[in-house]
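Engineer: What follows is a structure written as structure tokens; I'll ask about it next.
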Amino acid sequence: MELMQMVKIIKEFFPEKAVELSETLELLRDTMDDTRQDIKKLLDLLYDQGQHDEMIPHIQLAAAILEYMGRVQEVQAALELEEQVMVENDTEEEQGLPNYQAYAVDSQIVHTLHEDFTYTRPAAFEFKDNRVEVRTWQQMLIKTCEMLMALDRRFVNFENDPTMRGRKTKLFSTNPANIRSPHKLQDSELYVETNLSANSMRNLIIKMLQKYNLKPSEFKVFLRADYSNLH
């Protein structure tokens, strides 16, 4: 059975497990991204020490991790439900799995874009007096893009703005082939990169707000879970 066929069956007959698997895969992506950051620190050290040959396998490892992060996100995106279903499962810890309900946090507490969101999950964000419910950082990024685009069309200039690019690839493009994990924005020909860590998406939202001369401090974030204690 192919992977995506298996995902389709799980979503249809076991939606609560689809949610659980999606949560687990996002934690995996967070850990993989943390590993890449550790590799970057090691590469900086090796470079300073002049050990250039020693850098090669670590560069290859970082590239391989990035590739697998994209694959993991594809599966995670396929697992997302049109109507997310959250259920309590008293047997999770008995099976050796984390009880995700135990890491739920107060979704009414306001957080800012200046916080570290590693290992956290969003519940909603508030922008221009509109509260938007989301379940992933990708959804928050996409909804923010679409709300800014609705304000005026300067958003389309992001594609050719050198300050709105990643280190190696575009974050916005009308050609999805230019982006690792593209998502087409509503009522637009523009795609946005979604294969980013929570903090990278936070940083991108800050940059977008600044391009619109909006204060990041006016953008409120609400969390639904914090899994930091699992790491």
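Derivation of every value follows stated rules applied to the coordinates shown; laboratory data play no part. Here the structure is a predicted model, which means the values were calculated and not measured. All Cβ positions, even for glycine, are placed from backbone atoms using ideal geometry, and neighbour counts span all protein chains on display.
Engineer: Could you tell me the relative contact order of the range 100-173? Use alpha-carbon pairs under 8 Å, at least six residues apart, and round to a whole percent.
Structural biologist: This gives 14 percent for the range 100-173.
Engineer: How are the Cα pair distances of the range 114-194 distributed, in percent, across 10 Å bins from 0?
Structural biologist: 17, 46, 34, 3
Engineer: For the range 146-189, what's the radius of gyration and Dmax over Cα atoms, in angstrom?
Structural biologist: Cα only, the range 146-189: 10.4, 29 Å (Rg, Dmax).
Engineer: Fewest first, what order do ILE206, ILE9, ILE179 take by the number of other Cβ atoms within 10 Å?
Structural biologist: ILE9, ILE206, ILE179
Engineer: Can I ask one more? Along the Cα→Cβ direction, 7 angstrom out, place labels at VAL110 and SER217. What is the inter-label distance in nm?
Structural biologist: Reported label-point gap for VAL110 and SER217 is 1.1 nm.
Engineer: Got the relative contact order for the range 145-198 handy, in percent, Cα pairs under 8 Å and 6 or more residues apart?
Structural biologist: 25 percent.
Engineer: Taking every pair of distinct Cα atoms and averaging 1/r, then inverting, what Kirkwood hydrodynamic radius in Å comes out for the range 143-231?
Structural biologist: Here the Kirkwood hydrodynamic radius works out to 14.1 Å.
Engineer: Exactly which GluC sites (Glu not before Pro) in the range 142-231 are in a DSSP loop and have at most 14 other Cβ atoms within 10 Å?
Structural biologist: Of the GluC sites (Glu not before Pro), the ones in loops of the range 142-231 whose Cβ has at most 14 other Cβ atoms within 10 Å are GLU189.
Engineer: Please give the length that would be gained between THR35 and LYS168 if that part of the chain were fully extended, namely 0.36 nm times their separation in residues minus their C-alpha to C-alpha distance (nm, one decimal).
Structural biologist: Answer, rounded to one decimal: 46.0 nm.
Engineer: Past the 20 Å Cα-Cα mark, which pairs from LYS168/LYS207; LYS11/LYS220; LYS170/LYS211; LYS143/LYS215; LYS128/LYS220; LYS11/LYS143?
Structural biologist: Result: LYS11/LYS220; LYS11/LYS143 exceed 20 Å.
Engineer: Do you know the relative contact order of the chain, to the nearest whole percent, from alpha carbon pairs under 8 angstrom that are 6+ apart?
Structural biologist: The value is 24 percent.
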